[in-house]
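The values are calculated or read from the model by the stated rules, or taken from the named source; none is laboratory data. Predicted, not measured: the structure shown is a model, and the values here were computed from it. Glycine also receives a Cβ, built like all others from the backbone with ideal geometry; neighbour counts cover every protein chain displayed. Note: accessible area is taken over every heavy atom of the protein model, side chains too, but ligands, DNA and RNA are not part of it. Shrake-Rupley method; radii C 1.70, N 1.55, O 1.52, S 1.80 Å.
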Amino acid sequence: MATPLESWVKQTAELTKPSKIVWCDGSQAENDRLTEQMLGDGTYIDLNPSTYLRSYLHRSNPNDVARTENLTFICTRRRADAGPTNNWMAPDDAKAKVRPIFEGAMKGRTMYVVPYIMGPEKSAYSRIGVEITDSAYVVASMRIMSRMGAVALQRLGESAEFVPGLHSLGDLDPNRRFILHFPEESLIWSVGSGYGGNALLGKKCLALRIASYMARSQGWMAEHMLILGLEEPSGKVTYMAAAFPSACGKTNLAMMVSALETQGYRVWTIGDDIAWMHIGSDGTLRAINPEAGFFGVAPGTNQKTNPNIMGALHTNTIFTNVALTASREPWWEGIGGPTPSGLINWKGETHNGHSGAAAHPNSRYTVPAAQSPSISPRWDDPEGVPISALIFGGRRARLAPLVFESRDWQHGVFVGATMASETTAAATGAVGVTRRDPMAMLPFCGYNMADYFTHWFEMGSKLKNPPKIFHVNWFRRGADGKFLWPGYGENVRVLRWMLDRIEGQADAQETAIGNVPTPNSLPLDGLDISQETLGELLRVEPTAWVEESQAIDKFFDKFGDRLPAVLRTELQALTDRLQRSIVPVK
């Protein structure tokens, strides 16, 4: 008798009509065969093996270079269950619309069956997915980003406990491109795109949109968060998770080379993008990284911003839409040094400096996590690591101080729910526009976000020792438009202040928005920063925050009566504190 997986594969083959079916085992031999195949058909371009061993360049279709949020849908029976921040289609309508696109989509192509585990191989908190795809590039990428192949099949056995995901490149027509999520069925359909988050279905699709729905019903959390460990001189490591919108420095923070490393403060990487968090037997919040690799934005990455990832990229890496030097090495804007001559841009054309960026602004690297020099010895701990701090952040040029601490869990959820940031090139659409992005989950929450907020409050009530919640803003600018804070490795100073707050050792000043460091409580020794600049970094301007509170009120209106009342209570409390802190002009 066929297993549930075998039955689904058979049904899918009848729909898509591939020329052959390959069950992927994740082995090196299989990867070598796929590599030779992709080098032969132009999917891969070989890089200089003396500097980038077993590493390749892939160029996607120019119309297929980022997540397409406008074509991403949550398909629930009731529209209200998808909520106002998601695109919605009824499941039957979605299938009726997209099934014809899948009809015969794999004719003349190979159908790959890709079983994978999201999370450590032996963790009870990991989940199994199976992606069917006609893209060898997707297979190779999933091998890096998950525990893929025989290990997943062995764990699955004859069980039906897996998330099926059907993907086809189709004809790469944006008008026939859809990324569909059926959370009530734990099902994913994606057609018409070969780009990262649209095609690597274990990533945003399973690990966030489907997993967030699963987590709510099962009593855990699936969050768009990095996980890091901050080691102090005693050797003790404190673990923190942080949510920033894509391309706002998550990977750089997760893999930071600490400016205080000589003092004994070192940063260890658990994950750079997604955290699955559950309540441990001791009542604390514990987190695993469901991914096995890093899928990071290349432009701006260099020896200063992220030396650890730069060291990791020289082996077993897939580069997507970066430029190519004459010596067949990857190149992108911000990598450091002058633009080399003889550069080929991300479209495969000679770069002349007049045709835009040489590397696409959202060009990527896909690299095994274990290759980072900063990877924690506990990065794949089946039990996860205990989380002592949750950090929210985004790009706010004028408003938010460098860091502030919430008053309690309830206030912290409000801080996360009202987070806002300037948009970046990680998703299609306008760049530089400030948008509200609660918990950095706006594009990734697989159900009504008002219910998501409620789940956060419910989780907090079950924690015996909830993490402290902070907000950071590395991107505040002065009157001259320049960044006030040096960022990168110096950000460890802010993490150290958080650590000291967790341990009850650092001072803070209470403000209307939360607790801000006193000027003397931040460890700034060795950093050339004036008192005037520090004052501006930590300043909370009540009148500006009154405008912010009005924008928050308007945002909350989107959710109607479904919004948890406690968020309105927190907003009113903020408004009251702001009014009291505004000194009337005499």
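Here are a few things to note about the model shown:
- Sub-6 Å Cβ pairs linking a first residue in region 292-315 that is free of Cβ contacts under 8 Å to residues at least 12 places away in the same chain to a second residue that is open to solvent by 20 Å² or more (accessible area, probe 1.4 Å), at least 6 apart or interchain, are 310/303, ordered by first then second residue.
- Only one entry of 229, 196, 202 meets the criterion of being open to solvent by less than 20 Å² (accessible area, probe 1.4 Å) and at pLDDT below 95, and that entry is 196.
- Test: residue 420 is open to solvent by less than 10 Å² (accessible area, probe 1.4 Å) and modelled with pLDDT under 95: yes
- Which listed residue, of 32, 81, is within 24 Å of residue 149 (Cβ to Cβ) and among the charged types (D, E, K, R): 32
- Only listed residue being under 26 Å from residue 259 (Cβ atoms) and either assigned to a loop (DSSP other than H, G, I, E, B) or modelled with pLDDT under 95 (or both), chosen from 475, 444, 404: 475
- Looking at region 97-175, the strands (runs of 3 or more DSSP E) lying wholly inside it that each contain 2 or more residues that are surrounded by 23 or more Cβ atoms within 10 Å (Cβ to Cβ) and without any contact (Cβ under 8 Å) to a residue 60 or more places away in the chain sit at 163-168.
- With respect to the conditions (1) in contact (Cβ under 8 Å) with a residue 40 or more places away in the chain; (2) in a strand (DSSP E or B); (3) small (Gly, Ala, Ser); (4) over 17 Å from residue 273 (Cα atoms), residue 222 lacks only one, and its number is (4).
- Pairing residues of region 551-566 that are part of a helix (DSSP H, G or I) with residues that are surrounded by fewer than 18 Cβ atoms within 10 Å (Cβ to Cβ) and among the charged types (D, E, K, R), at Cβ distances under 7 Å and at least 6 apart in sequence or on separate chains, gives 556/568.
- For residue 59, the criteria (1) of a type outside the set (A, V, I, L, M, F, W, C); (2) in contact with a Phe, Trp or Tyr (Cβ under 7 Å, 6 or more places away or on another chain); (3) over 21 Å from residue 144 (Cα atoms) hold in every case but one, which is (3).
- Failed condition for residue 388, given (1) open to solvent by 30 Å² or more (accessible area, probe 1.4 Å); (2) within 30 Å of residue 346 (Cβ to Cβ); (3) assigned to a strand (DSSP E or B): (2)
- For region 243-296, the candidate set comprises residues that are under 22 Å from residue 322 (Cβ atoms) and open to solvent by 30 Å² or more (accessible area, probe 1.4 Å); within that set, the residue that is modelled with the lowest pLDDT is 247.
- Evaluation of residue 528 against the conditions (1) part of a loop (DSSP other than H, G, I, E, B); (2) more than 17 Å from residue 475 (Cα to Cα); (3) in contact with a strand residue (DSSP E or B) (Cβ under 8 Å, 6 or more places away or on another chain) shows that the sole unmet condition is (3).
- Leading residue by the ranking (nearest to the chain's Cα centre (by Cα)) among those in region 343-360 that are at pLDDT 95 or above and open to solvent by 50 Å² or more (accessible area, probe 1.4 Å): 347
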